[in-house]
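Only the coordinates and a few stated rules stand behind these numbers; no lab work does. None of these values were measured; they are calculated from a predicted model. Backbone-built Cβ (ideal geometry, glycine too); neighbour counts: all protein chains shown.
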Amino acid sequence: MNTDELIDSLTEQPASAKKTPKPMMALFTGTLSITVYILLFLIIIGPREDLASRMTDPLFTAEILTSILCIAICVVSISMHGYPDLSVKRWVKYLPYATFAAFALVLVVELLTQPTGNTDYTYGMQCAMEMCLFGLIPPVLFSLILMHGIFIEARHASLTTAILAGVTSYLVLRLLEPVDNMLHYLYWHIIPLVLVIGVTTLLSNLYHKRRKI
Amino acid sequence: MLSRMNAVSLEILMHEAQNGNRKAYHEVLEQSARLARAFISKRIQNPQDSEDIVQEVLVAIHKARHTYHSDRPYKPWLFALTQYKLNDFLRRCYRRSDREQQGEEVIANIADDSVTFGDRIGEQLDEALEELSDKQREILTKAKIEGYSSREVAEQMNMTESAVKVAIHRSMKQLKKKFEDSE
């Protein structure tokens, strides 16, 4: 079949199609969903009692702020990934990694400088499970929002979704759980965070590859 | 100025096309094919390959047309798809050339072995070649024994270069399997 015949054949098929929501609409819906998701936990379970006093610690504040920044950038990036012309922009592809690196750097500094003490194993497994469970919803939300999107940068989209899932669950748990033992965080929060990111990347990649053209 | 008008008209045309105007859609696809062809031919020398990619881009436009909004310029959207399809094609080419190279290495290793062993292998090679179809054998002989390039073989056999490459790859794979089985 030559190109002219192909054009004729494509023209014969119905040209009208259900449009994806506009990028700003996807971004608005995404931001709203994630905000509501995080706020729901804070309203239902309640934030940790010492949150106000902990916010006076610069490292804790930096951790919370970088995680919020990372989530915000990931939300913007994922919202753009369903549109071929926007997904190829450099900042859409790489900015989430930069903010995640900043977040990771704060965690490393905290691990090296904050007191560790004994690991609280009582809630350890529960924390790890919650990390995994809390990370499930954000990718599902975005797969619904960008249900009709086309992903030509599937790998970046998957990794960004995974970072969003991991950091959101980490932030939620950090705002809820009144534990500051960094060894506990390393074993029961940060290692599950890496696990959540790894598994979500694989699953998300499978999903995004199906949405390729 | 002309290019600006062209860009504006493409956006309007695509908007019309998304609302079901087939004539506008036909025009969009024709203009997109022209733009994509110019973009690809700067990067791919072979006109046949270039045209194959243009066709893939057109199919991609058709599948992704619902992701375009007329408030954004059309050309970046088109070129994102074109670049994506071009990268896809190049990735396939590299993979294929890797596999062909592996096949060539198998034959080169056989040729490097001792004469007695070479004779036995030569017989096996003749047998294996007999199992190929006449066309496959002819293509393989021209490309791998007589030393013609894929393009030259394509011209001689009245085929596309891609088809010749695929035929060579399949024949080499068949030969490789035959040798592996006999081992």
Which pairs break 26 Å Cα to Cα here: B:42/B:144; B:63/B:173; B:23/B:63; A:89/B:165; B:142/B:176?
B:42/B:144; B:63/B:173; A:89/B:165
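Under unit Cβ charges (Lys, Arg +1; Asp, Glu -1), what dipole magnitude, rounded to 20 debye, does chain A have relative to its Cα centre? Don't skip to the end; give the middle numbers.
Details: 14 positive and 15 negative charges, 95 e Å.
Using only the charged Cβ atoms, the result is roughly 460 debye.
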Chymotrypsin sites (Phe, Trp or Tyr not before Pro), restricted to region B:1-105: which are DSSP loop and have at most 10 other Cβ atoms within 10 Å?
none
Mind checking which of A:189, B:171, A:55 is farthest towards the positive end of the protein assembly as shown's charge dipole, using Cβ charges of +1 (Lys, Arg) and -1 (Asp, Glu) about the Cα centre?
A:55
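Where nothing but the Cβ of Lys and Arg (+1) and of Asp and Glu (-1) is charged, how large is the charge dipole of the protein assembly as shown around its Cα centre, in debye to the nearest 20? Present the calculation step by step, with values, prior to reporting the outcome.
Details: 43 positive and 46 negative charges, 314 e Å.
The dipole magnitude comes to about 1500 debye.
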Quick note, the protein assembly as shown: a/c under 1.5 would make it rounded; otherwise a/b > b/c is prolate and the rest oblate (a ≥ b ≥ c, C-alpha gyration tensor); here it is oblate
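Averaging sequence separations of C-alpha pairs under 8 Å and six or more residues apart, then dividing by the length of chain A, give the relative contact order as a whole percent. Write down the numbers at each step before the final one.
Details: 251 pairs, mean separation 59.3, N = 213.
Computed over chain A, the figure is 28 percent.
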If the cut-off is a Cα-Cα distance under 12 Å, which aspartates and glutamates reach residue A:209, setting aside same-chain residues fewer than 8 apart in sequence?
A:153
For the charge dipole of the protein assembly as shown, defined by +1 on Lys and Arg C-beta atoms and -1 on Asp and Glu C-beta atoms about the Cα centroid, which residue among A:76, A:171, A:98 has the Cα displaced farthest towards the positive pole?
A:76
Report the residue, chosen from A:92, A:196, A:109, that carries the largest GNM mean-square fluctuation when chain A is represented by alpha-carbon nodes joined by springs under 10 Å.
A:109
Using Cα pairs closer than 8 Å and at least 6 residues apart in sequence, work out the relative contact order for region B:1-103, in percent.
28 percent
Determine ³J(HN,Hα), in whole Hz, for all residues of region A:66-73 in sequence, where each value follows from phi through the Karplus function 6.51 cos²θ - 1.76 cosθ + 1.60 and θ = phi - 60°; x replaces Gly and Pro.
5, 5, 5, 4, 4, 5, 4, 5
Here, trypsin sites (Lys or Arg not before Pro) of region B:13-73 satisfying both criteria (DSSP loop; at most 11 other Cβ within 10 Å) are B:42
Report the Cα centroid-to-centroid distance between region A:137-163 and region A:64-82 in angstrom, as an integer.
12 Å
Quick check: the angle from helix A:90-113's long axis to the longest principal axis of chain A, C-alpha only, nearest 10 degrees?
10 degrees
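Region A:36-125: D in µm²/s via Stokes-Einstein (Kirkwood Rh, Cα pairs, 4 °C, 1.567 mPa s)?
On the way: Rh = 15.6 Å.
The diffusion coefficient I find is 83 µm²/s.
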Which residue fluctuates most in the GNM of chain A (Cα springs below 10 Å): A:113, A:168, A:29?
A:113
Per residue, the convex hull enclosing the Cα atoms of chain A spans a volume in Å³ of 127 Å³
